[in-house]
Structures are given as structure tokens and as C-alpha cells.
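Engineer: This is the structure I have questions about; it appears just below.
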Amino acid sequence: MTTVIQSPTRFLTLCMVILLGCAIGASLIQSSGRQVSISQIALPTENGQHLAATLFKPKTATEENPAPFIVVVPGFQRSKEALANIAIELSRRGFVVASIDPYGQGFSSSSMSTRSATHEGYGLFALVDYAASTGNLNYIDRSRIGATGHSAGGNAAIRGANYFGREAERTGALSKLHSVFVSGYVLTLRKSVLKDVQSNIGVSYALYDEGAFRNKLKNGDMRIAPEALAVVNSGRGKGLKSIRAVVPGRFYGDLDKRALRVVHNEPLLHPFQPYNGEATANQIAYFEHVFNHSSGLATHDQIWHWKELFGLVAFVISLIAIIPLGRILLTTTTFHSLVHRVPEAAPVPTGTGRIIFWSLFFVGAAIACASFIPMVDISKSLFVAASNRHQTWFFPQRMNNPVMLWALFNGLIGLALFYLSYRFYGRMHGANPKNWGVRIDRNELVLTVIAALIIFSLYYLTLFFINYLFQVDYRFWFIGVRVFQPEMLILLGMYVPFFLVFFMANSLRVNAAMRFKDELEWKSMLLAGIANSLGLFFIIFIQYTVFSFTGTVYWTQNWLYINLLFGIVPVMFILPYFNRYFFKMTGKIYLGPLVTCLIFIMILLTNTVCYIPIK
């Protein structure tokens with residue numbers, strides 16, 4: 001990063017050029033080379049709720065040539081951008097697609113129901129009702145409306161088939177939902193739900209799905225799974241012998257009677273199923289078959305991977321860009337007073353000091369590992385409304401609340417370990433608090449906070465500008481930086497103070513306890529990154545090691561919280577890098593954690609379920 005220090009303006013310019021190029025590239029992929037128009041829509045729904053969606057309309061879909069319409073429903077903890085891959089591939093093949101933000105996620109409102117996926121299809125029911133009745137969407141074929149979803153979104157899809165099937169029985173008309181595809185969810189594939197379905201059904205379930213312990217046979221093998229058999233046999237006519245074993249990928253039933261059934265069983269894990277070429281190809285093949293729609297493109301002819309690559313590069317570069325941005329800000333007259341000489345590094349620990357260092361290294365990781373699940377359980381007692389999916393302004397983010405408690409607890413533990421190390425060893429062996437970069441006066445602290453807010457604002461203003469022009473964000477799979485609604489600023493002020501304890505503790509440990517004389521910088525920061533993420537990584541390691549040997553994950557009750565760590569661990573790893581770079585700019589430990597806490601916590605807040613009360 002020498003370039004950053006020597007020529008921050010040039011480096012920042014390069015970052016902006018790369019960001020712009022990635023945005024253009026992602027936009028071209030998302031719009032299939034401008035052959036698909038992308039627009040954002042909002043639909044008022046029941047009980048004062050509203051549904052946000054991204055509409056993908058191919059140019060080939062016109063009033064004279066109406067196309068099938070497919071609603072894409074992301075799962076729990078996912079926004080509409082998270083399943084852009086299937087929306088891209090279907091719209092590229094001539095389908096009109098609406099990818100929705102489920103209720104309580106993204107830009108959609110909360111729901112008055114605590115079981116929104118089941119009772120409202122996360123907003124699917126309202127959108128299908130609208131599409132089937134309005135003349136505004138005169139470019140869709142209202143007799144060919146479909147839905148697909150992953151995980152809880154898959155539950156929404158099958159519940160939609162049940163809902164509109166029951167409606168069809170009452171009215172004597174065909175179901176508004178011609179066909180549905182259920183990915184990553186089989187718990188509601190039972191007779192009580194399937195008996196009223198009057199739609200074709202496709203199912204895709206990961207062979208190594210971590211949630212398979214909830215299935216009737218306690219595994220993800222769909223060949224003789226009662227859930228898969230129930231789906232296939234629900235399409236069998238009266239008098240026909242029931243199927244006793246399912247052949248994955250084989251079509252069963254009568255398409256003309258909307259009784260077609262197919263089950264896929266890809267060898268994948270649950271969170272990665274939507275981002276697999278084979279699973280995506282299976283969905284494409286299903287919808288082209290049920291809608292008798294031939295695009296002329298092979299199912300494995302897919303381009304969505306390129307958007308993910310552009311999104312990943314944009315994500316990385318956007319974060320790197322805050323370093324030269326901070327450097328430029330510190331050269332201004334207003335903030336130049338924040339720049340101090342970098343304190344002298346600590347001597348490399350030897351003997352007893354070395355033993356203490358490594359002992360604290362692993363003790364901290366062990367505490368981080370052991371404390372996460374207890375914090376999940378504690379959060380359920382402290383934040384009752386959010387944990388029970390009720391609307392509330394009191395820490396309304398059910399999944400982030402335990403992460404916040406974990407961060408607060410481990411931040412305090414980190415400070416305690418740092419102090420005890422100094423109190424009983426360091427102060428007697430040359431450790432000097434003057435070299436920690438802790439001392440700061442009130443005016444300087446205020447300026448530091450203002451500088452952090454400016455960097456945070458410029459970071460997100462750049463994102464809003466890119467999103468406005470190209471309708472993309474910085475994203476790779478389910479990890480992404482997305483634009484936010486104003487209410488998120490209120491939540492930022494609510495959550496940041498508690499997270500900030502962890503971020504500050506990390507900066508102190510990285511720059512005062514893990515920075516040694518004559519040690520290579522890359523080695524020092526790598527060690528700090530490992531130390532900061534090792535405890536949470538251990539949780540994932542334990543979960544999936546047990547799963548690989550037994551077929552059942554170690555933590556079953558809170559397995560969704562473990563899945564949340566796939567997005568958190570990378571952030572924990574890179575956090576020390578930013579804290580070190582800002583420390584070297586200012587000689588103090590404060591600017592780095594303030595900037596990273598604001599940015600990273602906003603990323604966390606905008607990528608999770610949120611039960612903000614409806615206005």
C-alpha cells in the first residue's frame with residue numbers, strides 16, 4: 001500500500017475508475033447487454049404494508065408478444081439482489097421477472113404477520129394478485145405466471161401455490177400461479193399443503209443441506225424422502241400407482257393438467273445452492289419446459305458469474321478506497337492536526353512474554369468461539385419483540401442482536417486481557433502506554449469523529465450514485481454493500497455504540513499489543529486478522545466437521561445463526577488491516593475503528609431482517 005501513502009489522490013482516482021468499470025460491467029450483465037430494462041417498483045399491499053421489487057423486462061416482451069411472468073422470492077436474511085443470478089438468466093431468455101424484497105427485508109415494509117412467508121408469501125401473494133388482474137403489465141401473459149424462491153422463499157412459493165389453488169377451488173377458475181419452483185425447503189411439502197395445489201411444482205434440495213436434520217428422514221437425500229414422494233405423488237391421477245422412489249431430474253405427471261412434478265438433488269450446501277451453475281440450469285430448464293418457452297440458449301449458457309465477479313471486485317475496491325480517501329482528508333487544513341508521529345512499536349516478545357502472548361492469542365479465540373451461541377440465547381430473552389418477529393423500534397434486527405452482544409462481550413474481554421497483560425507483565429518489561437496511541441484531547445476526538453462521518457458519508461454517496469446510474473451495488477453472492485432507506489441511520493445510531501467497543505478494542509490490540517519492532521508488516525497484519533476471526537472460524541469448523549462425519553450439524557437449534565457467520569468472518573479478518581493503516585496515518589487508535597464501525601455495521605444492518613414498525 002506504499003502507493004496509498006505516497007500518492008493518495010492518484011490511488012483514489014484509480015479506485016474510482018475501477019469502481020465505475022465494475023458498475024458498467026455489472027449493469028451490462030444484469031441487463032443482458034441492454035436487452036432487458038431494469039426498473040424499481042413499489043406495490044402498496046394489505047395492512048398498510050408495501051412491497052419493493054426489481055423488474056426485469058426483456059425488450060421482446062410486448063403487448064403483441066406477452067411473455068411469462070416469474071416472481072423471484074429470496075429467503076430469510078436475503079434481499080432481492082441476492083438472487084439476481086436467476087433473475088438475470090430467466091430475463092435473458094425472454095421471461096419477465098420481478099425479484100422482490102421479502103417483507104421485513106430490504107426496502108419492503110415489515111409485515112403485520114409474524115409468519116409472513118407462510119401467510120403472505122413474503123409479498124408474493126399480493127404481487128401475483130396484482131399481475132393477474134392489472135392491465136398495466138400488458139406485456140406479460142397472465143395465464144403463465146410462475147414463482148421461485150430459495151429457503152424461506154421456497155416456502156413462500158409453495159404456500160403461494162396452495163393459496164391460489166384454494167382460491168381456484170372457490171372460484172372455479174384456474175390458479176393464478178401456473179408453476180412454482182421450490183429451492184432449499186421441503187418442510188411444507190406435505191399432503192395438507194399439496195392437496196390444494198393446482199400448479200406445476202419443481203423442487204431443488206441440496207444433498208448436503210445443513211437444515212436436513214429437520215426432514216422426516218433426517219437427511220438431504222431426496223430419492224426416497226417422504227417430502228419428495230409427496231410432491232411427485234400429488235400430481236398422480238386417481239387410480240395410478242404411487243411412486244415409491246424418485247429419480248432426481250425426471251419429470252412426472254401431466255403438464256397440461258398442471259400436475260407436472262420434478263425433484264432435483266444437487267450435491268451442495270444450503271447457502272451456496274442459489275449460486276451454483278447446475279442448480280441454476282435446473283431452474284431454467286424447468287420454467288422453459290412448463291411454459292413451453294424456447295429461448296434458443298442452452299441451460300448452462302450462463303453469464304451471471306460475471307456480475308458476481310464485477311461485484312466482488314467492486315466490493316473489495318470500495319473498501320480499499322477509504323484508505324486514500326482518509327489520507328487525502330488528513331492533508332486538509334481542518335484535519336491535519338490529527339496526524340501524529342507513529343509511536344514506537346513494542347519489542348518482539350521472548351521467553352515468558354512470548355508464552356503470555358500466544359496464551360492470550362488462543363484464550364481470546366476460545367472465548368470468542370464459546371460465547372457466540374450463549375449470546376444467541378441471551379438475545380432471545382433481552383430482545384423479545386424482535387426475536388418473536390414483532391414490529392419494534394427497540395433493536396429490531398433479530399439476527400444482528402446476538403452479534404452485537406457477542407461483539408460487546410468480546411470487546412470487553414479483549415480490553416480486559418490487554419490490561420491484565422500490561423498490569424502483570426508488560427509494565428515491568430518495557431511496555432509504555434505512551435506508545436499505544438490512546439491519549440487524545442476532546443477537540444481532537446471531536447475532529448476524529450467528524451472525519452469518520454465524512455469518510456462514511458462519501459463512501460455511501462459513491463454507492464448511491466453508482467446505484468442510481470447503473471442499478472447495481474457492491475456484492476458477491478450473499479455478501480454485499482447495498483443502498484439503504486433513511487430509517488437505517490436511526491438504527492446505525494442505535495447499534496454502533498455497542499459494536500464500537502469491539503472495534504476500539506481490536507484497534508488497541510492490533511496496534512499496541514500485536515505491532516512489534518523489525519517485524520514484517522504483512523506478517524503482523526496477517527496474524528492480527530487471524531486472531532480477530534479465529535474464534536468465529538472455529539464455530540464454522542466445528543459445525544461442518546461434525547456435519548461431514550455424522551450428517552447432522554453440531555448446533556441444530558441455532559443453525560441459521562451459524563450460517564450468518566459466512567458473511568461475518570471475512571469482515572472480522574480484514575478489520576485489523578484497516579485499523580493498522582489508519583493508525584499509521586494518525587498515530588492514534590481512534591479513526592480506524594470509527595470509520596470501519598460505521599461502514600461495516602451499516603453493511604450488516606442493510607443485509608438482514610428488520611422489524612421496523614409500519615408508519
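Engineer: Quick test for you: out of Gly529, Gly567, Gly535, pick the one residue that is within 22 Å of Ala368 (Cβ to Cβ), assigned by TED's automatic domain parsing to the domain that holds Ile367 and buried (at least 21 other Cβ atoms within 10 Å of the Cβ).
Structural biologist: Gly535
Engineer: To continue, here is another question. Would you please name the residue that is surrounded by the fewest Cβ atoms within 10 Å (Cβ to Cβ), looking only at residues in the stretch 462-478 that are in contact with an Asp or Glu (Cβ under 9 Å, 6 or more places away or on another chain) and assigned to a helix (DSSP H, G or I)?
Structural biologist: Asn467
Engineer: Identify the single condition in (1) within 26 Å of Phe541 (Cα to Cα); (2) modelled with pLDDT under 90; (3) surrounded by fewer than 18 Cβ atoms within 10 Å (Cβ to Cβ) that Met399 does not satisfy, given that it satisfies every other one.
Structural biologist: Every listed condition holds for Met399 apart from (3).
Engineer: I need the full set of residues from the stretch 216-243 which are of a type in the set (Lys, Arg) and more than 18 Å from Val197 (Cα to Cα), in order please. First the steps, then the outcome.
Structural biologist: Here is the first cut: in the stretch 216-243, the residues of a type in the set (Lys, Arg) are 216, 218, 223, 236, 238, 241.
Correct list: Lys216, Lys218, Arg223, Lys241.
Engineer: Let me ask something else about it. Among the listed residues Ser109, Ser116, Ser183, which satisfies the condition of being in contact with a Phe, Trp or Tyr (Cβ under 9 Å, 6 or more places away or on another chain) and under 22 Å from Phe476 (Cα atoms)?
Structural biologist: Sole residue among the options that is in contact with a Phe, Trp or Tyr (Cβ under 9 Å, 6 or more places away or on another chain) and under 22 Å from Phe476 (Cα atoms): Ser183.
Engineer: Hey, can you tell me all the residues within the stretch 193-225 that are surrounded by fewer than 19 Cβ atoms within 10 Å (Cβ to Cβ) and part of a helix (DSSP H, G or I)?
Structural biologist: Result: Phe213, Arg214.
Engineer: Within the bounds of the stretch 157-175, is there any residue that is farther than 22 Å from Ala279 by Cα, touching a Leu at 6+ places or on another chain (Cβ under 7 Å) and in the same structural domain as Asp221 (by TED's automatic domain parsing)?
Structural biologist: The answer is yes, given that some residue of the stretch 157-175 is farther than 22 Å from Ala279 by Cα, touching a Leu at 6+ places or on another chain (Cβ under 7 Å) and in the same structural domain as Asp221 (by TED's automatic domain parsing).
Engineer: Can you list the helices (runs of 4 or more DSSP H) found entirely within the stretch 226-345 that contain at least 1 residues being out of contact with any helix residue (DSSP H, G or I) (no Cβ under 7 Å at 6 or more places or on another chain)? Talk me through it step by step, then tell me what you get.
Structural biologist: Details: elements: 226-234, 277-290, 304-320, 322-330.
Fully inside the stretch 226-345 and qualifying: 226-234, 277-290, 304-320.
Engineer: Would you mind stating whether Leu177 is part of a loop (DSSP other than H, G, I, E, B), within 30 Å of Gln543 (Cβ to Cβ) and within 32 Å of the chain's Cα centre (by Cα)?
Structural biologist: no
Engineer: While we're looking at this one, here's another question. With free of Cβ contacts under 8 Å to residues at least 12 places away in the same chain, of a type in the set (A, V, I, L, M) and not assigned by TED's automatic domain parsing to the domain that holds Tyr474 as the only criterion, which of Leu20, Leu28, Leu55 stands out?
Structural biologist: Exactly one of Leu20, Leu28, Leu55 is free of Cβ contacts under 8 Å to residues at least 12 places away in the same chain, of a type in the set (A, V, I, L, M) and not assigned by TED's automatic domain parsing to the domain that holds Tyr474, namely Leu28.
Engineer: Restricting attention to the stretch 451-461, which residues are touching a residue at least 40 places away in the same chain (Cβ under 8 Å) and either farther than 30 Å from Lys517 by Cα or not in a helix (DSSP H, G or I) (or both)?
Structural biologist: Of everything in the stretch 451-461, those that are touching a residue at least 40 places away in the same chain (Cβ under 8 Å) and either farther than 30 Å from Lys517 by Cα or not in a helix (DSSP H, G or I) (or both) turn out to be Leu453, Ile454, Ile455, Phe456, Leu458, Tyr459, Tyr460.
Engineer: Pro349: over 22 Å from Ser204 (Cβ atoms), touching a Phe, Trp or Tyr at 6+ places or on another chain (Cβ under 8 Å) and either in a helix (DSSP H, G or I) or free of Cβ contacts under 8 Å to residues at least 60 places away in the same chain (or both), yes or no?
Structural biologist: Taking the combined requirement at face value, the residue does not satisfy it.
Engineer: Next question, about the same structure. In the stretch 347-366, which residues are buried (at least 16 other Cβ atoms within 10 Å of the Cβ) and either polar (S, T, N, Q) or touching a helix residue (DSSP H, G or I) at 6+ places or on another chain (Cβ under 7 Å) (or both)? Full working, then the answer.
Structural biologist: Residues of the stretch 347-366 that are buried (at least 16 other Cβ atoms within 10 Å of the Cβ), as a first pass: 349, 353, 356-357, 360-361, 364-365.
Selection gives Pro349, Ile356, Leu360, Phe361, Gly364, Ala365.
The values are calculated or read from the model by the stated rules, or taken from the named source; none is laboratory data. Note that the coordinates shown come from a computational prediction; the quantities given were computed from them, not determined experimentally. Cβ atoms come from the backbone with ideal geometry, glycine included; neighbour counts cover every protein chain shown.
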